[in-house]
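Novice: Next up is a structure, given as structure tokens.
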């Protein structure tokens, strides 16, 4: 399988996994006994693990787009999304496994006071800064990828624009209710899958475009 097709497959899989994350994760309360039950659940771990896989796969997909477009803008996009994912993943790892362990211990011992540790992690200045900057870089990288596609004239930019919109909304969607977050997951998946569909067709289009324009 070529790099382009592998990247397209990764991108599509990442979009689907992110949609599953937004729909599978529990949306019940995250404080007290109810929060402990939420974070100790299998659905919590499964959903957040899918989110982490989604970020990795989408980053690989955008890197594959650069191997086709081969512009400074697409290179910058690939770097920004890679760095962004790298900054986001440690926080998601804490959410996935750290909070799950705290919640499971709270339920097992009956010491619900342990759930106060959740906010100690979530609002740690370093962790929160890394997470926020990472999400912003993911958004910036996706926007630049759409710009690179537009400038190339060889690949439709609108699918990447849909994905870029979803990436830009990564940070604010966390403050929305469950239906908003699920809708965001659907937007993310739509952009990723549409981009993945066009990506394998881009290589021949790029060759034809560059031949025609000298």
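The values are calculated or read from the model by the stated rules, or taken from the named source; none is laboratory data. For clarity, every value in this text was computed on a predicted model and none was experimentally measured. Glycine also receives a Cβ, built like all others from the backbone with ideal geometry; neighbour counts cover every protein chain displayed.
Novice: Scan the stretch 172-189 for residues that are surrounded by fewer than 17 Cβ atoms within 10 Å (Cβ to Cβ) and within 17 Å of residue 61 (Cβ to Cβ) and report the count.
Specialist: The number of residues fulfilling the criteria is 0.
Novice: Residue by residue through the stretch 150-171, note down the ones that are modelled with pLDDT under 95, surrounded by fewer than 18 Cβ atoms within 10 Å (Cβ to Cβ) and in a helix (DSSP H, G or I).
Specialist: Within the stretch 150-171, 150, 151, 158 meet the criteria.
Novice: Among residues belonging to the stretch 21-51 that are under 15 Å from the mean Cα position of the chain (by Cα) and in contact (Cβ under 8 Å) with a residue 60 or more places away in the chain, point out the one that is surrounded by the fewest Cβ atoms within 10 Å (Cβ to Cβ).
Specialist: My answer is 23.
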